[in-house]
Structures are given as C-alpha cells and as structure tokens.
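What follows is one structure encoded as structure tokens, with my remarks underneath.
The values are calculated or read from the model by the stated rules, or taken from the named source; none is laboratory data. All of these numbers come straight from a predicted model, not from anything done at the bench. Every residue, glycine among them, receives a Cβ derived from its backbone with ideal geometry; neighbour counts consider all protein chains shown. Side chains are part of the model used for accessible areas, which takes the heavy atoms of the whole protein and leaves out ligands, DNA and RNA. Shrake-Rupley method; radii C 1.70, N 1.55, O 1.52, S 1.80 Å.
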Amino acid sequence: MSVLDNVDAATNLAKNNELQLLVFRISESVDSAFYAINVFKTREVVESKNHFLTQIPSSHDLLEGTIILRGLQIPILNLPLWLGTQLSREEIQKSNILICDFNGIVIGLRIMSAYRVIKKNWSEMHAPDSYRLKNDGVVMNDTRLEDGSLCLILDYEKLLADVIPQAMVDVNESATNIQDIAIPMKLKNGTVLIAEDSRTAQTHLKQIFANSNLDMRMFDNGKKLVDYVESMPDPSIIPAIITDIEMPEMSGFTVLQILRNNPATHNTPIIVNSSMSSANNKREAEGLGASGFIDKTKSHNIVPIIIEAMNKHS
C-alpha cells in the first residue's frame, strides 16, 4: 500500500485549520533531517531505478533530466543537491522520485524515501525568524513529529524559481495588465493587505504592486494579518486582502472564515493566491467567501482581479 493511499479530503481539513504532510528524507544518513510537503501538492512516489532519465543539454545543474510517466514528460529536480547533499551512485539507485503538482506544473523531486503521512493543525506549524534572515533561505517553517524530531517544510516555490523560472509568474506583465483599467480611488489611496509566507512569492507580489504604483502591506502568515485587521480602528478602509492557503499558525481558509464573520470586513474583497489550485480548493475558497482565486504562476493578473472584485462589492 502506498504511503499516500490514506489521505483525508482537503476540504474537511481546511474547516479545522488542518493539513496533511508527506514526510520524507533525502539521504540514508542517520543524521538526515526530516522534510515535508503538503500531500495535496503530491501525486505519487515512484522508484527511481524503474524510470529512464533523459538528460537535457545545457540545463540547470539541479535539473537532472526528464522521465516519461503515464504519458507525461516530467522534469526531475535534484532536491538533495539543492539542500547541499550529494548522493552517491548507490544512493541514487535506491532513491525515489516524488511526483508533485504545483499550479498544474508537474515535476519530480528526487528523495531517498517517503516516511509517512501526518496530520497537523496549522497552529503547530512554526516559522522562526531565523528562516527569514536570508533571501536565499530554503526553509519556510517547521513542525515536530510524534517523537520530537524536527521536520522542515521547504520553500518549493523558490526551488521552481531557481531551476525553472519560466514556469513562475512574469512580474513584468503586471503593469501592462492595468493600462486600460480604471483603478478605484479606494485602491489608489489605500493599502492592500497580503498574507504570504513564501519569500519567493512575497518578492513577486511586492514587485507587482510596485509596478502598479499601489501600496501593500505584507504579513508572514494569516494570523499576523488577522491580528492587524482586528487592531485597526476602522478595517472597512482596507481596499482588498490577498491570502495564501498554506501558512503557519493560520491557514488562508481560516483567514477567510474569520474575516467574513467580522462585520467590518464582511464585504472586503479577499483574493486567494495559492499554488494549491485544484478545483476542490477553489470551491472551498468560494464557499468560505473568497472574492477570487488565482494560482501563483498567474499572480501578474492579481490587480485586475482585485479591481473586478471591488467593482462587484461596491
């Protein structure tokens, strides 16, 4: 039985501010750390030895090549090398490939072994400030396994941006997208609030708003944004709010629930900006009151979506 066989529905987890993580290791070393990824970004785990790797000339050092799986040509990224671990030839033979889906971009991550699936509340996910001291940091947050072992959650969007930048958002498109659109005065004069824990996604959004000559304020997770909103004398002045789904302490779905239950923000446009862009997540976000949903590879379109939502709410 696959380690991914018994997974709860994302919508049920979201209602309880929960998530499920696939825990894995990247080497056979006894001191190898535990890493994790949201199971809803994964498809399956396959044995590396069963799949022929076709190399790509002049590609990024971390792009090992591609495999063909179920009719798809899938790029394979060397996750251990990204984390500073060089696998031996024998370890590569024993390794597995974790097939993942980010915004419809299917990639394979080389790992050593899938450990287990665990369920966590977002309040059990932590983002120490030390992870944010460097722009090139690869860890976003952490949690603990039952035995107390540290488990690290990586910034997979940074990995994609490093290795396959053409798959990510083109921030230069953001200014052209609003050339012929009337910008509401509330947006021109106000400050959009954003909850996002990925440094890569934060950088993209900051550039998009700067290109559009609009003000924004960034929060590292949903709880910080909600706390700020609740401390405001008049939250109704907020032109719009953008939230990711996956964040430590408080998920974007919980952010939606809290803000929609607050009379001052009940009608504030709230846009979900996430790499978990499945139909189920979009339906759940809509059901909780999201004014729009955009996947992170298309974030350059986020200002027109905000304007459309503001016009509907006005």
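Listing for the model above:
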{"read-out": "Rg followed by Dmax, in Å, when segment 216-314 is reduced to its Cα trace", "value": "12.4, 37"}
{"read-out": "Contour excess over end-to-end distance, with Cα ends at ASN267 and GLU308 and 0.36 nm allotted per residue", "value": "13.4 nm"}
{"read-out": "Centroid-to-centroid separation of segment 179-206 and segment 69-121 [C-alpha atoms, Å]", "value": "33 Å"}
{"read-out": "Long-range HN-HN contacts of ILE270 with modeled amide H, under 5 Å", "value": "ILE241, SER291, GLY292"}
{"read-out": "DSSP bridge pairs, the chain: antiparallel proportion in percent, nearest 5", "value": "65 percent"}
{"read-out": "Among 294-300, 239-245, the order from most to least packed when residues are scored by Cβ within 10 Å on average", "value": "239-245, 294-300"}
{"read-out": "Calculated FRET value between ALA210 and PHE52, using beta carbons and R₀ = 51 Å, to 0.05", "value": "0.70"}
{"read-out": "Relative contact order %, the chain, counting alpha carbon pairs below 8 Å whose residues are six or more apart", "value": "17 percent"}
{"read-out": "Long-range amide H partners of ARG116 with built H, under 5 Å", "value": "VAL23"}
{"read-out": "Dipole magnitude of the chain, debye to nearest 20 (Cβ charges: Lys/Arg +1, Asp/Glu -1, about Cα centre)", "value": "400 debye"}
{"read-out": "Sum of -39500 (n - 2.57) over DSSP H runs of 4+, divided by residues of the chain (222 nm, nearest 500)", "value": "-7000 deg cm²/dmol"}
{"read-out": "Dipole magnitude (debye, nearest 20) for segment 44-159, charges at Cβ of Lys, Arg, Asp, Glu", "value": "160 debye"}
{"read-out": "For the chain, with +1 on Lys and Arg beta carbons and -1 on Asp and Glu, the positive-most of ASN121, VAL169, ASN280 along the dipole", "value": "ASN280"}
{"read-out": "Stretch gain in nm, segment LYS188-GLU286, where the contour uses 0.36 nm per residue and the Cα spacing is subtracted", "value": "32.7 nm"}
{"read-out": "Added length on full extension, which subtracts the Cα-Cα distance from 0.36 nm per residue, SER231 to VAL106", "value": "40.9 nm"}
{"read-out": "Placed amide H near MET216: partners under 5 Å, 5+ positions off or other chain", "value": "VAL192"}
{"read-out": "Of all accessible heavy-atom area on the chain, the percent that carbon and sulfur account for (1.4 Å)", "value": "46 percent"}
{"read-out": "Debye log10 I(q)/I(0) at q = 0.10, 0.12, 0.13 Å⁻¹ for the chain, Cα point scatterers", "value": "-0.58, -0.82, -0.95"}
{"read-out": "Relative packing of 216-225, 182-191, which averages over residues the other C-beta atoms within 10 Å, highest first", "value": "216-225, 182-191"}
{"read-out": "Per residue solvent-accessible surface (Å²) - the chain, probe of 1.4 Å", "value": "46 Å²"}
